[in-house]
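Here's the structure we're looking at; comments come further down.
The values are calculated or read from the model by the stated rules, or taken from the named source; none is laboratory data. Predicted, not measured: the structure shown is a model, and the values here were computed from it. Cβ coordinates were reconstructed from backbone atoms using ideal geometry, including for glycine residues, and neighbour counts include every protein chain displayed. For the accessible areas, the whole protein counts, side chains as well, though only heavy atoms, and no ligand, DNA or RNA atoms are used. Shrake-Rupley method; radii C 1.70, N 1.55, O 1.52, S 1.80 Å.
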Amino acid sequence: MFFHNLLLKVNLKTLKEKLSLSNEDACLSIKDHCGIIGIRTTKRIHDLGFLLYQGMLALQHRGQSSAGITVINKKNMKTISDVGYVKDIFDKNTLAALKGKFGIGHVRYPTAGTDLTVGIQPFVLQTRQLKIAIAFNGTIANFDEVRNFLMDQGFRFSHDTDTEVIGKLIDYALEEENGDMTKACKKLVGYLDGAYSILIATNKGEIIAFRDTLGFKPLCYGKTKEGDFVIASETMGLTIVGAEFEDDVKPGEMVIITEKSIKKKRLVKEEKVAHCMFEWVYFARPDAILDGISAYEARERIGKGLGKLFKEGGYEADIVVPIPDSGRIAGIGFSKETGIEYSEALIRNRYVGRTFIMPRQTAREEAVKLKLNVLSNLVKGKKVVLVDDSIVRGTTSKGIIQMIRDAGATHVYFAVSCPQLINPCFMGTDFPTERELIACGRTDEEIAKIIGLDAVIYNTIPLLVEAIGFDKWPENNHLCLACLNGDYPLKSNPSQLLCERES
Ligand code: SF4
């Protein structure tokens, strides 16, 4: 059988042994954490490039290393893409040239690898049946397995990108299914393991969208009053072009968008769902509504839960200071729950990128000093509780804590929305190796000491799950928590994936 269809729990001891022996910088293939948008328009053909551009600006937080647009105009495909921010790649002239009834756009963050020019999307491929452009958000966990399978079928590869594997798998599946795209996608979903939301535009004039069977990555759609159909990673991609949200693409569901119709088809129905909890904790914009749950409201509930833990721990503080912007909403919730004054004593330089998603360790360390400034008069002589979404390596947090102490705080506590991160992610999130995760193998007291705190207050898994799911998922079984508890909801064996990642 091609896959072992089992829910596997990682043998953490084995993984730790492997990590301590391996070279963390060895040959990682490029994996993505990205934003995607697709638009079908019948009346705004000349504005298509501008509409996609607006949608991509709204999704820019999901990836800043490169961006691209592909449009289909009378069976001709045109793509413009480059390294950089959306606003820097496109101008009036390039956007005016992007006309058509169908188009897809992509913003990209490479989770590994350094050559930003490799893997820019949309990825365009002439298959034996038709020409396709792919915009992809996620990571193919069984990348090596699928790539080797395709090589055995005679396919050759130029790069180590997921999109090339997906493109060639579509080529293979289309041939096998005599050009039937629905059957080809069903086949594709059977082969792929991992997290993915995918848009495929074809030169026949259609957009095919689908989401992995567990729904790790978000994807939703809506319509404008002009009848344009829009599909995007987050709801702001819809609203910015005037589309009203209609629904989320369900896990394992496919949406086929042609000039005349929109059809939905369930390719696979799994019992389990595993949305990435980090979408609510950090990734998504606060104004996004993901699978029916507001990111803002979830973050505020998380902050309230942290406030309860803080009180139960018997701690006291004079002010709650969020790390901007990632800790802001949880900080509001924390303040509401505890009654401790909310204070924006850390000011962010808006022109420095988000620390968590910068590609290299050195850049990350330097960025923390450039990124924030402390208002000394607000923290001097005070007991301060900082609030942030997560502590990954601890490098950034340590720098911030030192800044707060240097500004005269008497005590510094840290309340963290995400419980201890102790396992790698194979579903597209750029975690460092387990060895670099500060919480791995350490007690809270040890972590507090290393990063210079009086105490660290981590969220608990039950409180996190309750805060996200709230009244929509009272049974609390809709989230992936693998980086917290090691339960990987994948078909592939995580130990094997780790070996491949480390080899
Ligand atoms: S392991 Fe963590 S970061 Fe990765 S998909 Fe699961 S919840 Fe998200």
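Taking the criterion of being open to solvent by 10 Å² or more (accessible area, probe 1.4 Å) and of a type outside the set (S, T, Y), the residues of the range 276-292 that qualify are C276, R285, P286, D287, I289, D291, G292. In this structure, V412 does not qualify as within 16 Å of the ligand (Cβ to nearest atom) and at pLDDT 90 or above.
Would you confirm whether any residue within the range 432-443 is touching a residue at least 24 places away in the same chain (Cβ under 8 Å), open to solvent by 50 Å² or more (accessible area, probe 1.4 Å) and within 16 Å of the ligand (Cβ to nearest atom)? The answer is yes; a qualifying residue exists. The set of residues from the range 215-251 being farther than 12 Å from G55 by Cα, of a type outside the set (A, V, I, L, M, F, W, C) and surrounded by fewer than 20 Cβ atoms within 10 Å (Cβ to Cβ) comprises K223, T224, K225, E226, G227, E244, E246, D247, D248, K250.
Give the number of residues within the range 445-476 that are surrounded by 16 or more Cβ atoms within 10 Å (Cβ to Cβ) and either in a helix (DSSP H, G or I) or within 16 Å of the ligand (Cβ to nearest atom) (or both).
Residues in the range 445-476 being surrounded by 16 or more Cβ atoms within 10 Å (Cβ to Cβ) and either in a helix (DSSP H, G or I) or within 16 Å of the ligand (Cβ to nearest atom) (or both): 14 in total.
Determine if the range 108-129 includes at least one residue that is in contact (Cβ under 8 Å) with a residue 24 or more places away in the chain, under 18 Å from I256 (Cα atoms) and surrounded by fewer than 20 Cβ atoms within 10 Å (Cβ to Cβ). Scanning the range 108-129 turns up at least one residue that is in contact (Cβ under 8 Å) with a residue 24 or more places away in the chain, under 18 Å from I256 (Cα atoms) and surrounded by fewer than 20 Cβ atoms within 10 Å (Cβ to Cβ). Considering (1) of a type in the set (G, A, S); (2) in contact with a Lys or Arg (Cβ under 6 Å, 6 or more places away or on another chain); (3) crowded, with 24+ Cβ neighbours inside 10 Å, the lone condition that S65 does not fulfil carries the number (3). Applying a threshold of 9 Å to beta carbon distances and a minimum spacing of six or more residues, or different chains, the list of pairs starting in the range 480-492 at a residue that is within 11 Å of G194 (Cβ to Cβ) and ending at one that is assigned to a helix (DSSP H, G or I) and more than 9 Å from the ligand (Cβ to nearest atom) reads Y488/P494; Y488/L497; L490/L497; S492/E145.
The number of residues in the range 159-184 being within 18 Å of Q121 (Cβ to Cβ) and outside any loop (DSSP other than H, G, I, E, B) comes to 11.
Scanning the range 252-270 for residues that are among the acidic types (D, E) and either more than 24 Å from T41 (Cα to Cα) or exposed (fewer than 13 other Cβ atoms within 10 Å of the Cβ) (or both) gives E259, E270.
E176 falls short of the stated requirement of being over 22 Å from I257 (Cα atoms), out of contact with any Asp or Glu (no Cβ under 6 Å at 6 or more places or on another chain) and open to solvent by less than 10 Å² (accessible area, probe 1.4 Å). Within the range 380-433, the residues that satisfy the criterion of being more than 28 Å from the chain's Cα centre (by Cα) and among the polar types (S, T, N, Q) are Q402, T410. Counting only strands (runs of 3 or more DSSP E) that fall entirely inside the range 42-158 and contain at least 3 residues that are among the charged types (D, E, K, R), at pLDDT below 95 and closer than 24 Å to F210 by Cα, no element qualifies.
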